[in-house]
Amino acid sequence: MHFFRSVVGLVSILLSETLAAPSDLRSRDLNSFIAAERAIALQGALNNIGPNGSAVPGAGAGFVVASPSKVNPDYFFTWTRDSALTLKMLIDEFIFGNTALLPTIWGYVHAQAKLQTVSNPSGTFLPAGLGLAEPKYQVDGTRFNGAWGRPQRDGPALRAIALMTFSNWLIDNGQKSTAKTIIWPIISNDLSYVGQYWNQTGFDLWEETLGSSFFTVQNQHRSLVQGAQLAKDLGVTCTGCDQAPELLCFLQSFWNGEYIVSNININNGRTGLDGNSILGSISVFDIDAYCNSPTIQPCNSQALANFKVLMDTFRTTYTINNGIPEGQGIAVGRYGEDVYQGGNPWYLITNAAAEFLYDAVAQWKARHNLIVDETSLAFFKDLYPTVTVRQYNSGNANSPFAQIMNAVTAYADSFVAVAEKYIPADGHLAEQFNRDTGVLLSAVDLTWSYAAFVTMSQRRAGQYPASWGTRNATAPPATCAATSTQGINVVFNVNASTYFGENIYVIGNTDDLGAWDIANSLPLGAGGYTSERPLWSASAYLNAGESVSYKYVRQENCDQPYIYETLNRTLTVPACGSASITEEDAWVGPVGTSGNC
Ligand code: NOJ
Ligand code: NOJ
C-alpha cells in the first residue's frame, strides 16, 4: 500500500498521462489501462445508442438504451436518468474536442423533445407536466406500462443540465437562436417541472425508496441555477428557477452531523449511507466552486466526512475488500443493505469514488488552499496521518499542501486500480461485480458504467466542464420554506363559431400563453363543440397570483393571416392552493372565412 501510494503520488493529475516518470511501473500501467479503457468505454456507450448503436438494434434515433441485456435483468429500455448522464458525458467530450459526437447529441435533443410529450403511467405532458418524471420508456420512445418505482424526479433536472451544457456551447459558437428556439423549450419544460414538484417526494435513483433523495435535490438545485443564467443569456424567462434558494435550504437537511443521509422523509430501516451522495456531489462538480459552498461539492468538509464513513462501511461489506486498510481504494456499491442481484459492488460507483477525489483535488488546487476542519479531519488522517485542523496553502512540492494533494490523488488512483482488477481483459463492463469473487455480473455493457468510466478519466486528465455558477447561486434563506411555482389550473372556454378547418388559440403575456408569440400560444380543442354550443376549450397551469392579459386568435385554413380578438382580456390567477378556475368567454372580433384552398 505504501509503495503504491507513494509512486502514484508523483503523478500530478494536471500532467498529461504520458508524463508519468518512466521508472514508475505501477502508475504507467494504470495510465495505459485508463487510456485503453476510456476508448472502450466511450465506444461502449455509443454502441448502446439508437439508431446505429451496434449492440441495440431496434432502438429509435437518439435513444440511449440502458444495457443490451434483455433478461435477468431486462434493461432493454431507455431511462431518462441514464440517458441524461450519458449525454452529459458525450457533450463534455464533444466540447473537449471530439467533434464526431455532434450528430449523436442532436439525435438525443430530438428524441427528448418527442419523449417529453409521451403520455405514460406517471401522467401526461399537458397540462401539468406530470409525465416528465416517468423513469423509463421502450427503446422506440413509446410508453412502458409495467409497475415501477415512479415518479423519479431527478430525470427532468438531469436532462435539463445536459441540454443546458450543449446550449452554452451553441451560444459560444454563434448559434444562440438555435439554442433559444430549439433547445430552450425542452429545457424550460423540465425546469418548470422542477420548480413545481421539487418539494414532493419521489423515488430515488435506485428506484426503490419513495422519499427525498440527496442526489435528486442536488441536481434539481443545479438545474435551476444554471437555468436562470441560461434564460438571461437567451433573453427568455425561466418559470421555476426562482425556487433555487429553497432547494439549497432543503439540501442542508441531509447532513446528520456525521454523514449525508441520502434518503430522508422515509423510514426504511437503512442507515442512509449510500453511493447516492458521491454521485450527487460529482454531478454538481464545479471547478470554480468554493469548498464551503452549500451546494456540497466534492471538496466540501461534509462530503469528505461522508466519504470516509461510507467507505468504512463498504470496506467491511464485501469479501473482496477484506484486508484493505483505510485510506486505500476498495470496491464500492450502492448501499450496505443492498440485495439487488446479490447486492454487489458496482463499476460506476467504484469509479465515481475516484472521480469524487480527483474533483476535490482539482478544487483545492484551483483555490490554492485546503482548509482542514474538525468535520473533515478524519478523512485526511487516513491519508496523511500528521494532518491537523488548519489551512494549508499551496507552495512548493515539499509543502504539506502538495503532499496532501498527492496522497488524495493516490487514493483516487487506488479506486481505479480496484476497478481495473475486476474489469475483464476485453474491457467490457457490466453493472456489478461479485462481492466474493469479483466476477462481473448483472446487466452487461451497462451504458452508465461506460459513461462513469469516461467522466472519471476526464477529471483525472484535468478536463473540467465550465462552471455552472455556484459562486453566484443565491444563498439559502435562514428558514426553509416548502414553496413551489405551483400552477393553478385555468380552463379557457370560449364560444366561437368556426368553419371546418379553422382553429382557435389563446395567447397572452405570460410564458405559459406564449408571451404574445403565436408560435408558442396554446391550442384549444373542439371536442365539446356542438351545434347548440360552439365551444373551444383548453386548460393550462398558470402561476399562482399572477395577473394575465390574454385574447383568443383564429388560425385560418389556407395560411391567411391570423385573426385576433379586438379586445384584451384580463384574469388574475388565484393564490397557491386554490382550486381550478374557468374563464367563460365569447369571441369578440371579426370572424374568419375559408380560403377554399
Ligand atoms: C429494479 C431497479 O432498477 C433496481 O434499482 C432495484 O434495485 C430493483 N428493481 C429491485 O427493486
Ligand atoms: C437500476 C439502477 O438502480 C438505476 O439507477 C438505473 O437507472 C437502472 N438500473 C437502469 O440502468
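What to note about this one:
- Some residue of the stretch 384-398 being farther than 22 Å from residue 414 by Cα and in a helix (DSSP H, G or I): no
- Of the listed requirements (1) in a helix (DSSP H, G or I); (2) more than 15 Å from ligand 2 (Cβ to nearest atom), residue 157 misses just one: (2).
- Filter result (assigned to a helix (DSSP H, G or I), more than 14 Å from ligand 2 (Cβ to nearest atom) and open to solvent by 20 Å² or more (accessible area, probe 1.4 Å)) within the stretch 68-92: 88
- Test set (1) more than 23 Å from residue 278 (Cα to Cα); (2) buried (at least 19 other Cβ atoms within 10 Å of the Cβ); (3) of a type in the set (Gly, Ala, Ser) - residue 395 fails condition number: (2)
- Every condition in (1) surrounded by fewer than 19 Cβ atoms within 10 Å (Cβ to Cβ); (2) modelled with pLDDT of 90 or more holds for residue 455 except the one numbered (1).
- Hits in the stretch 513-539 (condition: surrounded by 14 or more Cβ atoms within 10 Å (Cβ to Cβ) and under 20 Å from residue 567 (Cβ atoms)): 513, 514, 515, 516, 521, 522, 524, 534, 535, 536, 537, 538
- Qualifying residue in the stretch 230-237 (condition: of a type in the set (Gly, Ala, Ser) and either within 18 Å of residue 476 (Cα to Cα) or within 16 Å of ligand 2 (Cβ to nearest atom) (or both)): no
- Where residue 562 falls short, out of the listed (1) open to solvent by 70 Å² or more (accessible area, probe 1.4 Å); (2) under 30 Å from residue 254 (Cα atoms); (3) in contact with an Asp or Glu (Cβ under 8 Å, 6 or more places away or on another chain): (2)
- Residues located in the stretch 341-368, provided they are within 12 Å of ligand 2 (Cβ to nearest atom) and either free of Cβ contacts under 8 Å to residues at least 60 places away in the same chain or polar (S, T, N, Q) (or both): 341
- Only one entry of 425, 452 meets the criterion of being within 16 Å of ligand 1 (Cβ to nearest atom) and outside any strand (DSSP E or B), and that entry is 452.
- The residue that is nearest to residue 31 (Cα to Cα), among those in the stretch 357-385 that are in contact with a Ser or Thr (Cβ under 6 Å, 6 or more places away or on another chain) and surrounded by 21 or more Cβ atoms within 10 Å (Cβ to Cβ), is 361.
- All positions within the stretch 127-149 that are farther than 23 Å from residue 47 by Cβ and either in the same structural domain as residue 511 (by TED's automatic domain parsing) or away from ligand 2 (no atom under 12 Å from the Cβ) (or both): 127, 128, 129, 130, 131, 132, 133, 134, 143, 145, 146, 147
- Test: residue in the stretch 108-125 that is open to solvent by less than 30 Å² (accessible area, probe 1.4 Å), without any contact (Cβ under 8 Å) to a residue 40 or more places away in the chain, within 16 Å of ligand 2 (Cβ to nearest atom) and hydroxyl-bearing (Ser, Thr, Tyr): yes
- Answer from 55, 133 - the residue that is touching a residue at least 12 places away in the same chain (Cβ under 8 Å) and either of a type outside the set (Gly, Ala, Ser) or away from ligand 1 (no atom under 16 Å from the Cβ) (or both): 55
- Filtered by the rule that a residue be among the polar types (S, T, N, Q) and buried (at least 24 other Cβ atoms within 10 Å of the Cβ), the stretch 333-356 gives 344, 350, 351.
- Residue identified as in contact (Cβ under 8 Å) with a residue 60 or more places away in the chain, in a helix (DSSP H, G or I) and more than 16 Å from ligand 2 (Cβ to nearest atom) among 410, 402: 410
- Filter result (away from ligand 1 (no atom under 16 Å from the Cβ) and either surrounded by 19 or more Cβ atoms within 10 Å (Cβ to Cβ) or modelled with pLDDT under 95 (or both)) within the stretch 58-67: 59, 60, 62, 63
- Tally, over the stretch 301-313, of residues that are over 17 Å from residue 383 (Cβ atoms) and buried (at least 21 other Cβ atoms within 10 Å of the Cβ): 1
- Residues (hydroxyl-bearing (Ser, Thr, Tyr) and away from ligand 2 (no atom under 16 Å from the Cβ)) located in the stretch 177-224: 177, 178, 181, 188, 192, 193, 197, 201, 212, 223
- Pairs, first under 18 Å from residue 448 (Cβ atoms) in the stretch 158-170, second at pLDDT below 95 and open to solvent by 10 Å² or more (accessible area, probe 1.4 Å), C-beta under 6 Å, six or more apart: none
The values are calculated or read from the model by the stated rules, or taken from the named source; none is laboratory data. Here the structure is a predicted model, which is why all the values come from computation and not from measurement. Every residue, glycine among them, receives a Cβ derived from its backbone with ideal geometry; neighbour counts consider all protein chains shown. Please note that ligands, DNA and RNA were not included when accessible areas were found on the heavy atoms of the full protein model with its side chains. Shrake-Rupley method; radii C 1.70, N 1.55, O 1.52, S 1.80 Å.
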